[in-house]
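Quick notes on the structure that follows.
The values are calculated or read from the model by the stated rules, or taken from the named source; none is laboratory data. Just so it is clear, the model here is predicted, and its values are computed rather than measured. Cβ coordinates were reconstructed from backbone atoms using ideal geometry, including for glycine residues, and neighbour counts include every protein chain displayed. For the accessible areas, the whole protein counts, side chains as well, though only heavy atoms, and no ligand, DNA or RNA atoms are used. Shrake-Rupley method; radii C 1.70, N 1.55, O 1.52, S 1.80 Å.
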Amino acid sequence: MKILFLNGPNLNLLGKRQPEIYGSLTLSEIEDKVRARSAQLAVEIDFHQSNSEGELVDLIHHAKGSFDVIVLNAAAYTHTSIALRDAIAAVGIPTIEIHLSNIHAREEFRHQSMIAGVCRGQIAGFGAQSYLLGLEAAVNING
Ligand code: CA2
């Protein structure tokens, strides 16, 4: 099984600012944790971050035929991007929406997700653990 982790804008800043909201780990430290767990589960992963909406759309398109599941932290694009929603729907790869913070307990504008309706489910509020929960959900997507 191959799982694609995609990370949206500003997540490259993780661990450097706002640790009270997003935790103190860098994205690369989170990636290490996901890689360690995926090795235990004997699944292959790819892990990317982009600040560009178009690049994320391209990565979703290119995942077709190569990946079984996408785990997506679309960051701020979660709340704005019809393009990401359409890309997820177009490729038909089961996609799991994840967030470090509980978007429903934050500002009103974060309560809405443009992608939730085309995702299998949403994991939010568990910090770096959201990524590991996303991995478990991905591995068990068919069961
Ligand atoms: O909680 C999450 O994972 C979010 O997807 C993170 C996004 C935010 O726009 C979403 O509403 C919820 C923000 C990512 C920016 O991360 C930063 C990390 C350190 C310093 C500044 C931003």
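Please state the relative contact order of segment 2-139 as a whole percent: Cα pairs under 8 Å, 6+ residues apart?
Worked out over segment 2-139, it gives 28 percent.
What is the extension gain from SER66 to THR80, computed as 0.36 nm multiplied by their sequence separation minus the C-alpha to C-alpha distance, in nm to one decimal?
2.4 nm
Which ³J(HN,Hα) values, rounded to whole Hz and listed in residue order, are derived for segment 85-91 from phi using the Karplus coefficients 6.51, -1.76 and 1.60 in 6.51 cos²θ - 1.76 cosθ + 1.60 with θ = phi - 60°, glycine and proline given as x?
4, 5, 5, 4, 5, 5, 7
Around ILE123, which amide H atoms from residues at least 5 apart in sequence, or from another chain, sit under 5 Å from its own amide H, with H modelled in the peptide plane?
GLU97, ILE98, HIS99
Quick check on packing: order 19-25, 126-132 by the mean number of other C-beta atoms within 10 Å, highest mean leading.
126-132, 19-25
Output wanted: per-residue J couplings in Hz (rounded whole) for segment 38-50, from phi through Karplus 6.51 cos²θ - 1.76 cosθ + 1.60, θ = phi - 60°, x for Gly and Pro.
Result, ordered by residue: 5, 5, 4, 8, 6, 10, 9, 10, 10, 9, 9, 10, 9 Hz.
Using a probe of 1.4 angstrom, how much of the accessible area of segment 2-139 is carbon and sulfur, in percent?
Answer for segment 2-139: carbon and sulfur cover 49 percent of the accessible area.
Would you mind giving the average projected area, over all directions, of the Cα convex hull of the chain in nm² with one decimal?
Working: hull surface 30.6 nm².
That works out to 7.6 nm².
Using +1 at the Cβ of each Lys and Arg and -1 at the Cβ of each Asp and Glu in the chain, identify which of PRO19, VAL69, LEU4 lies farthest towards the dipole's positive end.
Result: PRO19, furthest along the dipole toward the positive end.
So what are the ³J(HN,Hα) numbers for segment 98-110, from phi and the Karplus equation (6.51, -1.76, 1.60; θ = phi - 60°), rounded to whole Hz, Gly and Pro as x?
After applying 6.51 cos²θ - 1.76 cosθ + 1.60, I find 10, 9, 5, 8, 7, 4, 7, 9, 10, 4, 3, 5, 8 Hz.
Straight distance only, please: which lysines reach the Cα of LYS64 with their own Cα at less than 24 Å, same-chain residues fewer than 8 apart left out?
Qualifying lysines at Cα under 24 Å: LYS2.
Would you give the gap between the C-alpha center of segment 40-61 and the C-alpha center of segment 73-136, rounded to a whole Å?
Result: 14 Å between the Cα centres.
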